[in-house]
Amino acid sequence: MAAKRTPFLIGLFVICANVLALQILQTRILSVVTHYHLAFFAISMAMLGMTAGALWVHFHPDTFGIHHLWVQLTRAAVGFAIATAASILLLVTSVVVVHPLNLFLTGLLWLKLLAILAPPYVFAGIVVSLALTRSPWPVGLVYAVDLAGAASGCLLVLLLLEWLDALSAVLVSAAAGAVAAALFRAARLGEAAGARGWLEATPPVPLAGALLAAALLNAWLHPQALVPTIVRGHVEYLGPHDVVVWNSFSRILAQGGEVRPEPAVMWAASAAMPDRRIEQRWVNIDGEAATVMYRFEGRAEELDFLRYDLVNFAYAIRNSGRAAVIGVGGGRDLLSAWVHGFRDITGVEINPVFVQLLQERFRSFNRVVDLPGVRLIVDEARSWFARTDEQFDLIQMSMIDTWAATGAGAFSLTENGLYTIEGWKRFLERLTPSGIFTVSRWYDPADVNETGRLVSLAKATLLALGVRAPERHILLAAHDRIATLILAREPLAPADVAALHARAARLGFRVLVAPDVPPASPVLAHIMGAPDLEALHKLARGFRLDLSPPTDDRPFFFNQLRMSDPVAMVNAIRASGTGVIKGNLRATITLALIILLSSLVVFVTIIGPALPAVRRTEPGLAVLGTLYFLGIGFGFMLVEMALLQRLSVFLGHPVYGLAVGLFGIILATGFGAFLSERVRLERGVQLLGWASILALFLFVLPFWFARAAWAFESQALPVRVGLCLLAIGPPGVLMGFAFPSGMRLVQAIDPDPTPWFWAVNGAAGVLGAGVAVAIGIEAGIATAFALAALCYLGTGAVGAVLARRAARDRQGSGLRAGSGATG
């Protein structure tokens, strides 16, 4: 048996690793073809498929018997491989859009997406269920391998994305599934072969070789091979010389080949700007967000037209000393600082691809890295500014987000950490006494009030730093579709204010907020007149838009449309053609549709098939068990999504939050489940004590972690990852007790409704992801943790009742046995 056990365990490890890797890869691809916020959708589909696969095994005991184990494991692993390859082919050729005025068509498109994403997980669910319930080896050993594989997959996929594009990486994952099938076949765990089908007849080794060869060929030919064809609802055409680079952060598409002079691309050019034609390349991020790279030979006069752009408005009063640029992109802001007079310029860029393009591929086209005094640092901006002791006269952050963020309404995995009170405090701390921080954002001329959140954040940051008169530190100007904020560490000098007014008058910019003039609208006046932080945070309830300042606990800067406000929703539908509201409306409709469609699919594939199991059981047990498994399902997803949101801010990028969060949760809950076999929760007092301790951990976690995150923000990424795992560990271990303890309780009373409770838990997990995202946006991450704590407290109370019933049944069985023996 030992010789057979090894290939079985390795095969299981490979399948489980690829389940988690596939989730992260699907998230990365969805970020290109649609939006970042669909990360929770990939997680939901994984839970849906895994639960459906497990129930399929349970309801077909003859097909999945112990004597057919090796056959069914092999077939399921081959199915995983083929379904994974097919899903990527379908995904990159599918339209994934949200049409606010045609919800029926939108719903059909999303149902199609669901049908594309879920099948690989169904086959994986069959593998895991068979391994846990049919294999001849101890469940603890099998479960440990399962979790070790899943946790490893979270980290291995990050390395894979450094070597391959995401589509080739999915094909590698499919090939690994075929390798697992070969390992299961080698294990020969049964005696009878059972009925043969096309899946079992498919030779795993040739299939693995073919898929791996396809992956390597695709990577070699990339981007002239398998690529997304429909990106954000539009067909994407790649030129023969275009440069496409994937990594764990994004997909970068840079215009290649020869370029001809054309009108210079500007964010918000003054009408006074002279006609200027220049060679320039477009650099596209994840399908929609774009920046431009100018041809630059090293002479400042080549780019003198940058003086006419509103995003460079602050250089009118600060143009010497040391400058820092957050987000290098195509090098535009670095060149703006150089053109305006700075000769000591630091660019901080989290994505190494941009730095690589400037330093290598396009160095002869744009020589910004050859300028003396210019240095590029690959790091997350908040962490680097927290770690350095350098001081700057100007820090510029222009248009640093992706349209994925604005368009998606900033759901669970959008980079929001640069737009919170805590983040801006870090930046202001690194200014010289006379230094300024300048930020440019999108602006809707038809609704000046949308810019209010930028002003609210600026004022809240100053108040948090103890500034008594914030209005003397802030100036906001707008032109075309851009607004630029100037935030000074010390009060703006009258000469600086006069210089800015003069520049605005000469270039035709509109000053919306300044120390010496009234704000341009009543809403902006209300913000500037708010006396304290509490008043600013109440702005979410006072206006059609949420203008409250974002914090690390509620970091959704881009989401200004409140889902809980029906009037705001109606107004957004009426005015959905422009501004931030357009993207927020699309995101809100997407979230509602996903929850609705997930509910429908959950009922058809999970709840419906499991209903007969609960109809045969006693009503009291049915109600109590349903409440228990609903509670732990929703509680778990509230914790998981809140952690992903919070870790994304702390670690600096969504994919880090996703990978580290899933890795930590899987390891911790797996260890808790393992401990639950040795430390059994069988009495009511034990269950109440367990739930109370877990709830306490969850209540306090967001508060102590916020303090720890501020203290450790300056540390290197491995140290910050360690802190995240420390935060996840204790509550994760305790959460791991919930499912196995509940199953033991209900099975001690009546094992028949087990499939129903399994289905209820899976359904809660699928639907809980979307609900948790909505709660985080509306009420904050700490609120999501608090609600999770209440879920587990309620679960503990229900579990105590179940424990008393189980004990009573055991006592009754003992009395009946004793009576029979006496008789």
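The values are calculated or read from the model by the stated rules, or taken from the named source; none is laboratory data. Owing to the predicted nature of the structure, the values given are computational and were not obtained by experimental measurement. We place every Cβ from the backbone using ideal geometry, glycine too, and count neighbours over all the protein chains shown. We work out accessible area using only protein heavy atoms, side chains counted, and drop any ligands, DNA or RNA first. Shrake-Rupley method; radii C 1.70, N 1.55, O 1.52, S 1.80 Å.
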Q: Residue by residue through segment 528-550, note down the ones that are part of a loop (DSSP other than H, G, I, E, B), modelled with pLDDT of 80 or more and surrounded by fewer than 16 Cβ atoms within 10 Å (Cβ to Cβ).
A: P531, D532
Q) Restricting segment 770-808 to residues that are of a type in the set (G, A, S) and closer than 21 Å to K538 by Cα, which is surrounded by the most Cβ atoms within 10 Å (Cβ to Cβ)? A) A784
**Q.** Within segment 274-304, considering residues that are among the acidic types (D, E) and in a loop (DSSP other than H, G, I, E, B), the one surrounded by the fewest Cβ atoms within 10 Å (Cβ to Cβ)
**A.** D275
Q: Output the residues belonging to segment 659-702 that are closer than 17 Å to E640 by Cα, open to solvent by 60 Å² or more (accessible area, probe 1.4 Å) and modelled with pLDDT of 90 or more.
A: L696, F697, F699, V700
Q: Could you tell me which residue of segment 141-186 is modelled with the lowest pLDDT, considering only residues that are more than 25 Å from V32 (Cα to Cα) and among the aromatic types (F, W, Y)?
A: Y143
Q: Please identify the pairs in which a residue from segment 374-400 that is in a helix (DSSP H, G or I) has its Cβ atom under 7 Å from the Cβ atom of a residue that is surrounded by fewer than 17 Cβ atoms within 10 Å (Cβ to Cβ), counting only partners at least 6 apart or on another chain.
A: W384/I377
(Q) Kindly evaluate L621 against the criterion of being more than 19 Å from the chain's Cα centre (by Cα) and open to solvent by 20 Å² or more (accessible area, probe 1.4 Å). (A) no
(Q) Suppose the filter is aromatic (F, W, Y), touching a helix residue (DSSP H, G or I) at 6+ places or on another chain (Cβ under 8 Å) and modelled with pLDDT under 90; does F705 pass it? (A) no
Q) Do we find a residue being in contact with a helix residue (DSSP H, G or I) (Cβ under 6 Å, 6 or more places away or on another chain), of a type in the set (G, A, S) and surrounded by fewer than 24 Cβ atoms within 10 Å (Cβ to Cβ) anywhere in segment 625-647? A) no
Q | Criterion violated by P61 - all others in (1) under 24 Å from T754 (Cβ atoms); (2) surrounded by 16 or more Cβ atoms within 10 Å (Cβ to Cβ); (3) not β-branched (V, I, T) satisfied | A | (2)
Q: Looking for whichever is open to solvent by less than 40 Å² (accessible area, probe 1.4 Å) and farther than 20 Å from T51 by Cα here; the options are A131, A180, A124. Which one fits?
A: A180
Q: Take segment 313-331 and flag every residue that is in contact (Cβ under 8 Å) with a residue 60 or more places away in the chain and under 32 Å from the mean Cα position of the chain (by Cα).
A: A323, A324, V325, I326, G327
(Q) If I ask for residues that are open to solvent by 20 Å² or more (accessible area, probe 1.4 Å), assigned to a loop (DSSP other than H, G, I, E, B) and either under 20 Å from L428 (Cβ atoms) or acidic (D, E) (or both), which ones from segment 321-349 would you list? (A) G321
(Q) Just checking, does segment 127-140 include any residue being farther than 19 Å from L30 by Cα and modelled with pLDDT of 90 or more? (A) yes
(Q) Consider segment 492-522. How many of its residues are over 25 Å from A446 (Cβ atoms), in a loop (DSSP other than H, G, I, E, B) and open to solvent by 50 Å² or more (accessible area, probe 1.4 Å)? (A) 2
Q. Could you say which residue among I665, I693 is among the hydrophobic types (A, V, I, L, M, F, W, C) and under 21 Å from V721 (Cβ atoms)?
A. I665
Q. Residue check: is N284 touching a residue at least 24 places away in the same chain (Cβ under 8 Å) and over 31 Å from the mean Cα position of the chain (by Cα)?
A. no
Q: Return the total of residues in segment 1-34 being farther than 19 Å from G670 by Cβ, β-branched (V, I, T) and over 23 Å from the mean Cα position of the chain (by Cα).
A: 1
Q.
For segment 437-474, which positions are over 14 Å from G423 (Cβ atoms), open to solvent by 20 Å² or more (accessible area, probe 1.4 Å), assigned to a helix (DSSP H, G or I) and not acidic (D, E)?
A. V448, N449, L463, R472
**Q.** A782 being assigned to a helix (DSSP H, G or I), under 18 Å from G625 (Cβ atoms) and modelled with pLDDT of 85 or more
**A.** no
Q | Answer from L667, L687, L717, L696 - the residue that is in contact (Cβ under 8 Å) with a residue 40 or more places away in the chain and in contact with a Gly (Cβ under 7 Å, 6 or more places away or on another chain) | A | L687
Q: Name every residue in segment 334-382 that is of a type in the set (S, T, N, Q) and touching a helix residue (DSSP H, G or I) at 6+ places or on another chain (Cβ under 7 Å), in order of residue number.
A: S336, Q359, N366
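Residue-wise test of (1) at pLDDT below 90; (2) closer than 24 Å to P352 by Cα; (3) assigned to a loop (DSSP other than H, G, I, E, B).
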position	(1), (2), (3)
Y237	yes, no, yes
P240	yes, yes, yes
V244	yes, yes, no
G256	yes, yes, yes
M266	no, no, yes
A272	no, no, yes
Q: Output the residues belonging to segment 345-388 that are acidic (D, E) and closer than 29 Å to A711 by Cα.
A: E349, D379, E380
Q. Considering V760, V746, V719, which residue is open to solvent by less than 50 Å² (accessible area, probe 1.4 Å), under 21 Å from I665 (Cβ atoms) and touching a helix residue (DSSP H, G or I) at 6+ places or on another chain (Cβ under 7 Å)?
A. V760
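Results for (1) among the small types (G, A, S); (2) buried (at least 16 other Cβ atoms within 10 Å of the Cβ); (3) under 19 Å from Q26 (Cβ atoms), shown as yes or no for each residue.
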| site | (1), (2), (3) |
| --- | --- |
| W220 | no, no, no |
| Q224 | no, no, no |
| T229 | no, no, yes |
| H234 | no, no, no |
| H241 | no, no, no |
| S248 | yes, yes, yes |
| G256 | yes, yes, no |
| V259 | no, no, no |
Q.
Can you list the helices (runs of 4 or more DSSP H) lying wholly within segment 1-119 that have 1 or more residues being closer than 27 Å to L591 by Cβ, modelled with pLDDT of 80 or more and of a type in the set (S, T, Y)?
A. 2-33, 39-59, 69-91
